[in-house]
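Undergrad: Okay, handing you the structure first.
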Amino acid sequence: MDGLNYQHKSHYRIRSLDRFITCRGFFYWWPMIQVWYDGACGPNNPGGHTGSGISIKENNQIIYQESYYLGYGETMSNNVAEYLGVIRALTYLLSIYKHNDKIVCYGDSKLTIMQMNKRWRCRKGLYKQYYLQACFLLKQFKNISFIWIPRHQNEDADELSKFAIETKSISAYSPSYAPTCQV
């Protein structure tokens, strides 16, 4: 039983965040979109430069990556950047008509995860308008969930968010538009 954990009587669970579900001991393939997002604010938080990074995979293939620079000033914070990542990812998924697909969003911000899962309320803060915008977008998806992951498992999105701040620019990559090389 390589790669499996014993969970309950006849149920097994795959260790990694994969696209399989179990039912009475049988594995079924479940097509899924995975979103990793992160935000950064520096050198001061709040009040620094703000950027977000997202990495989106479908069936374990990268379909879109983006680093997005929001700006600089007193109204910028790490939480604003985290929500910007959620908003940019959901907006992209809506633009490619993925609102009916199963989507799992991974982030290392406990605040965004708990609030998007409706476990914590948002009363005030620099990020409140971004939270409201994310909630509006969230209502348009049928099967979406948010899962907290440790920072070391979110390295790609973290790197993209820091790249946005360093370059103070917006950059996106989609393999479907990438030029191909012939050898």
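The values are calculated or read from the model by the stated rules, or taken from the named source; none is laboratory data. Keep in mind that what you see is a predicted model, and the values were worked out from it rather than measured. No Cβ is skipped: glycine too gets one built from the backbone with ideal geometry, and neighbour counts run over all protein chains shown.
Undergrad: THR75 versus (1) over 29 Å from PRO175 (Cβ atoms); (2) surrounded by 22 or more Cβ atoms within 10 Å (Cβ to Cβ); (3) among the β-branched types (Val, Ile, Thr): which is the lone unmet condition?
TA: The number of the failed condition is (2).
Undergrad: Over 27 Å from ASN45 (Cα atoms) and exposed (fewer than 15 other Cβ atoms within 10 Å of the Cβ) - does that describe any residue in segment 122-130? Can you show your working first?
TA: Narrowing segment 122-130 to residues over 27 Å from ASN45 (Cα atoms): none.
No - not one qualifying residue is present in segment 122-130.
This table checks each residue for (1) under 20 Å from ILE147 (Cβ atoms); (2) buried (at least 18 other Cβ atoms within 10 Å of the Cβ); (3) in the same structural domain as GLU159 (by TED's automatic domain parsing); (4) modelled with pLDDT of 90 or more.
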| residue | (1), (2), (3), (4) |
| --- | --- |
| GLY39 | yes, yes, yes, yes |
| GLY47 | no, no, yes, no |
| SER55 | yes, yes, yes, yes |
| ASN59 | yes, no, yes, no |
| ILE62 | yes, no, yes, yes |
| GLN65 | yes, yes, yes, yes |
| TYR68 | no, yes, yes, yes |
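Undergrad: Looking only at segment 111-122, decide whether some residue is of a type outside the set (Val, Ile, Thr) and touching a residue at least 40 places away in the same chain (Cβ under 8 Å).
TA: Looking through segment 111-122, none of the residues is of a type outside the set (Val, Ile, Thr) and touching a residue at least 40 places away in the same chain (Cβ under 8 Å).
Undergrad: I would also like to ask the following. Looking at ILE87, is it free of Cβ contacts under 8 Å to residues at least 60 places away in the same chain, under 17 Å from VAL35 (Cβ atoms) and either surrounded by fewer than 23 Cβ atoms within 10 Å (Cβ to Cβ) or of a type outside the set (Lys, Arg) (or both)?
TA: Numbers: free of Cβ contacts under 8 Å to residues at least 60 places away in the same chain: yes; under 17 Å from VAL35 (Cβ atoms): yes; either surrounded by fewer than 23 Cβ atoms within 10 Å (Cβ to Cβ) or of a type outside the set (Lys, Arg) (or both): yes.
When the stated conditions are applied, ILE87 passes them.
Undergrad: Moving on. Any residue in segment 92-109 that is surrounded by 22 or more Cβ atoms within 10 Å (Cβ to Cβ) and within 15 Å of LEU160 (Cα to Cα)?
TA: Yes, because at least one residue in segment 92-109 is surrounded by 22 or more Cβ atoms within 10 Å (Cβ to Cβ) and within 15 Å of LEU160 (Cα to Cα).
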